[in-house]
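In what follows, a single structure is set out as structure tokens and then discussed.
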Amino acid sequence: MRLKQYPTLEILFIFLWNSGFIGAEYGLSRSGPFTLLFWRYGLLSVLLGLWLMKIGRMNWPGGKYVWRMGVVGGLAHGVWLSCALIALQLKVPAGIVALITALQPLLTGAVSGIALRERASARQWIGLVLGFIGVAVAVEARLVHDGEAPTWAYILPFISAASMTIASVLQRLWGRGTLLVSLDVSLFFQSVFTVVALFVPAFWIEGLNTSWDFPYISTLIWLELGVSLGAYWTMWKLLSKKEAAVVSSLFYLSPPVTMFMAWLTFGDVLLVSDFLGLAITGVGLIFVYGVEPRLSLSKVTQK
């Protein structure tokens, strides 16, 4: 059973992506979710814009491409994060949010099979199911306490999972063939679309109220460098090399990894079920990454 390449990139993505949950916990105590995301993507847009101007790549790739990047950015950044952070703010347990959003790989596998004709092998599907079981085991013990959230708040993580699924499939679909835009240019336009969309709720609902202290500024800097730039760059890089369902299976590690990081950062108690869930998820990922996918019909006809 041969493991595929890019393991370092995948490990880096797992760390950077899940550090965003820790950063959000700091940030949400000092501003609302829309405001936190507005400042985050406003600063990101400025940084990327300055960088692109410095290296001479600030150009207009065409209305069609900009629109596509805006759609992907709005889904992968705006909708995904807004719904997840609002759910946390409304007291939906973090374990439940992690469990629901971890359904995204199964959704991506189903949708990409139709939209992209990427047929996963039986062993890959077994790996995806094992990943879901591992996630369920890891968070089951976290569901014993009734939350304070309203019933409708539990819909928000489902919207997050659906938005990231659509963004992943669209990025994979539109990234084939003619869409040759560099990652930094793509992320710039995604960020601009996101910050424009977030301004209305951040201003009208939350009044842009922010506690500008050192912890908040430090959190914002990490969310910029580690998550907005690092995590999303690695995700799109992986999507350019691998099937959408394979990349999305990495989200299965979110609950156990986030719990471990919260233990290191906040002293949260780790349960035996956390380690068991992580082990089952690891086996599932070996199934997914250790088997070469079947060639899709489109790839065969191109040869």
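The numbers here are math on the coordinates, done by the rules we state, and not lab data. No experiment lies behind these values; they were computed from the predicted model shown. Positions of Cβ are generated from backbone atoms using ideal geometry, with glycine treated the same way; all protein chains shown enter the neighbour counts.
For the reader, a short list of remarks on this structure follows.
- Annotated for region 7-302: lysine pairs at least 8 residues apart or interchain, Cα distance under 26 Å, count 9.
- Per-residue 3J(HN,Hα) values for region 65-74, derived from phi via the Karplus relation 6.51 cos²θ - 1.76 cosθ + 1.60 with θ = phi - 60°, read 5, 4, 4, 4, 5, x, 5, 4, x, x Hz in sequence order (x marks Gly and Pro).
- Diagonalising the gyration tensor over the Cα atoms of region 7-302 and scaling each eigenvalue by 5 before taking the square root yields semi-axes of 28, 27, 16 Å, largest first.
- Once the chain from N209 to T8 is taken as fully extended at 0.36 nm per residue, the excess over their C-alpha distance is 68.5 nm.
- Gain on full stretching of the segment that runs from T151 to F266 - 0.36 nm per residue minus C-alpha separation: 38.6 nm
- M53-I126 pseudo-label distance in nm [points 7 Å out on the Cα-to-Cβ vector]: 5.6
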